[in-house]
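Note sheet for the following structure.
The values are calculated or read from the model by the stated rules, or taken from the named source; none is laboratory data. Here the structure is a predicted model, which means the values were calculated and not measured. Quick reminder, even Gly has a Cβ in these numbers, built from the backbone with ideal geometry, and neighbours come from all protein chains shown. Surface accessibility is based on the protein's heavy atoms, side chains included, excluding ligands, DNA and RNA. Shrake-Rupley method; radii C 1.70, N 1.55, O 1.52, S 1.80 Å.
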Amino acid sequence: MIGGFQKFTLIDYPEKLACIVFTQGCNFRCHYCYNPDLVLPDRFKNTLREEEVLSFLEKRVGLLEGVVITGGEPTINVGLKDFIKKVKDLSFLVKLDTNGSMPQVLEELIKEGLVDYIAMDIKAPPEKYADVVGAHVNLKDIDRSVRLIMSSGVDYEFRTTVIKDQLSVQDIVSIAKWIRSAKRYYLQKFLPGKTLDPTFAYKNTYSDEELRSILSLIKDNFFECAIR
Ligand code: SF4
């Protein structure tokens, strides 16, 4: 189910001109989620028809390079693979954003050459995962997605939204050890605003200086590591 569409972005697909498709629904309830309208079913607005998006894409062949599919959580949508096939038939590159909870879906998409870039959130070190995502989580699935992506040959990144009240410096170091030797890992600064849990609008953020100091502790684990 498509809940939103952005016709152009320069920043969401590395080095590509792209558009963004937002899918509805998510199996997590991260307190800091910026997209509650795509996560909570009672807030879903009008859904877009797939044909509307595909018809826009047909007119952008040769002008846009990629399509970012994000959410919500795209991999819980049963129609995802068929939709991506149609997008790929138009010769667009596909970047998939995921929370990594559905490794079986990722595996199928990777095997069939349907994704060109994967961005997976690493929400927390294993012992804090359920707290941070506000839902039941199968950690074996999360770890399976991490290993699958790292060995896939598909371009990828991992990223963590860091909130001072939620993840300590040691927690971030633990995550870095967990996904050590990944190609890219980004720390995403939390920007208070509209969040799924409204109390998170007031949570503490790390300062730029603190984030730089954390980065210096973990960056040698990765080929590329930066703050966003
Ligand atoms: S931030 Fe969490 S709740 Fe929001 S879409 Fe991503 S995984 Fe789902």
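Quick query: amide H of GLN188 versus all other amide H atoms, modeled in the peptide plane; which residues come in under 5 Å with a sequence gap of 5 or more or a different chain?
THR160, THR161, VAL162, ARG228
Which of LEU106, VAL21, VAL94 sits closest to the plus end of the dipole of the range 2-161, meaning its Cα is farthest towards the positive end, when Lys and Arg get +1 and Asp and Glu get -1 on the C-beta?
In the range 2-161, that residue is VAL21.
In deg cm²/dmol and to the nearest 500, what is the mean residue ellipticity at 222 nm of the chain if only DSSP H runs of at least 4 residues count, each as -39500 (n - 2.57), divided by the residue total? List each step's numbers first, then the result.
Details: 8 runs with 72 residues, N = 228.
The helix contribution divided over the chain gives -9000 deg cm²/dmol.
Can you pull a Stokes-Einstein diffusion coefficient for the range 76-128 at 10 °C (1.306 mPa s), Rh from Kirkwood over Cα pairs, as a whole number of µm²/s? Numbers along the way, then the final one.
Details: Rh = 12.0 Å.
Rounded to a whole number, D works out at 132 µm²/s.
Calculate the FRET efficiency for PHE8 and LYS111 from the Cβ-Cβ distance with a Förster distance of 41 Å, rounded to the nearest 0.05.
Values: r = 31 Å, r/R0 = 0.75.
Working from the Cβ atoms, E equals 0.85.
By DSSP, what percent of the beta bridges with both residues in the chain are antiparallel, rounded to the nearest 5? Walk me through the intermediate numbers first.
Values: 6 of 34 bridges.
Close to 20 percent.
At a temperature of 4 °C and a viscosity of 1.567 mPa s, determine how fast the range 109-161 diffuses translationally according to Stokes-Einstein, using the Kirkwood radius over alpha-carbon pairs as Rh; express D in µm²/s, rounded to the nearest whole number. List each step's numbers first, then the result.
On the way: Rh = 12.0 Å.
Stokes-Einstein gives a translational diffusion coefficient of 108 µm²/s.
Would you mind computing, in nm to one decimal, how far apart the modelled labels at LYS183 and SER152 are, each placed 7 Å from Cα along Cα→Cβ?
1.0
At ASN46 and ILE227, where each label point lies 7 Å from the Cα along Cα→Cβ, what is the point-to-point distance in nanometres?
According to this spin-label approximation, the distance is 4.2 nm.
Can you grab the distance from the C-alpha centre of the range 1-44 to the C-alpha centre of the range 117-163, Å, no decimals?
Each part's Cα centre sits 17 Å from the other's.
Enumerate the calculated ³J(HN,Hα) couplings along the range 201-209 in order (Karplus 6.51 cos²θ - 1.76 cosθ + 1.60, θ = phi - 60°), each rounded to whole Hz, writing x wherever the residue is Gly or Pro.
Each residue's phi maps through the Karplus curve to give 4, 10, 6, 6, 9, 6, 6, 4, 5 Hz.
So for the chain, averaging the separation of alpha carbon pairs under 8 Å that are six or more residues apart and normalising by length, what relative contact order in percent results? Can you show the working numbers first?
Working: 426 pairs, mean separation 41.3, N = 228.
Dividing the mean separation by the residue count of the chain yields 18 percent.
Accessible area of the chain with a 1.4 Å probe: how many percent of it is carbon plus sulfur?
Working: 5620 of 10910 Å².
Carbon-and-sulfur percentage of accessible area, whole number: 52.
Once the Cβ-Cβ distance between GLU58 and LYS128 is put in as r, and R0 is 30 Å, what FRET efficiency do you end up with, to the nearest 0.05? Intermediate values should be presented prior to the final figure.
Values: r = 45 Å, r/R0 = 1.49.
Once rounded, the FRET efficiency stands at 0.10.
Which order, highest average first, do 172-183, 53-64 follow once you tally other Cβ atoms within 10 Å for each residue and take the mean per peptide? Show your work: numbers first, answer last.
On the way: 172-183: 17.0, 53-64: 13.2.
Highest-to-lowest ranking by the protection proxy: 172-183, 53-64.
Taking just the alpha-carbon atoms of the chain, what radius of gyration and Dmax come out, in angstrom?
Rg then Dmax for the chain, in Å: 17.2, 49.
Among 72-84, 197-209, how do they line up from the highest to the lowest mean number of other beta-carbon atoms within 10 Å?
Sorting 72-84, 197-209 by mean packing, highest first, produces 72-84, 197-209.
Run the Debye formula on the Cα coordinates of the range 1-53, all scatterers equal and no solvent, and tell me log10 I(q)/I(0) at q = 0.13, 0.23, 0.30, 0.32 1/Å.
One equal scatterer on each Cα of the range 1-53 leads to -0.37, -0.93, -1.10, -1.15.
Please state the relative contact order of the range 62-194 as a whole percent: Cα pairs under 8 Å, 6+ residues apart? Kindly include the intermediate steps, with their values, before the conclusion.
Numbers: 176 pairs, mean separation 29.1, N = 133.
Worked out over the range 62-194, it gives 22 percent.
For the chain, report the accessible area per residue in Å² (1.4 Å probe, heavy atoms, rounded to an integer). Working shown, then result.
Numbers: 10910 Å² over 228 residues.
It amounts to 48 Å² per residue over the chain.
Once fully extended, how much extra length lies between SER207 and LYS219, figured as 0.36 nm per residue of separation less the alpha-carbon to alpha-carbon distance? Could the numbers behind the result be given before it?
On the way: separation 12, 0.36 × 12 = 4.32 nm, distance 1.77 nm.
Contour length minus Cα-Cα distance gives 2.5 nm.
Within a Cβ distance under 13 Å of ALA18, other residues only, what is the Lys/Arg minus Asp/Glu net charge?
Values: positive: LYS7, LYS16, ARG60, LYS95; negative: ASP12, GLU15, GLU65, ASP97, ASP116.
Within the 13 Å Cβ shell, the charges total -1.
In Å and from the alpha-carbon atoms only, list the Rg and Dmax of the range 1-123.
Here Rg and the maximum Cα pair distance are 13.6, 39 Å.
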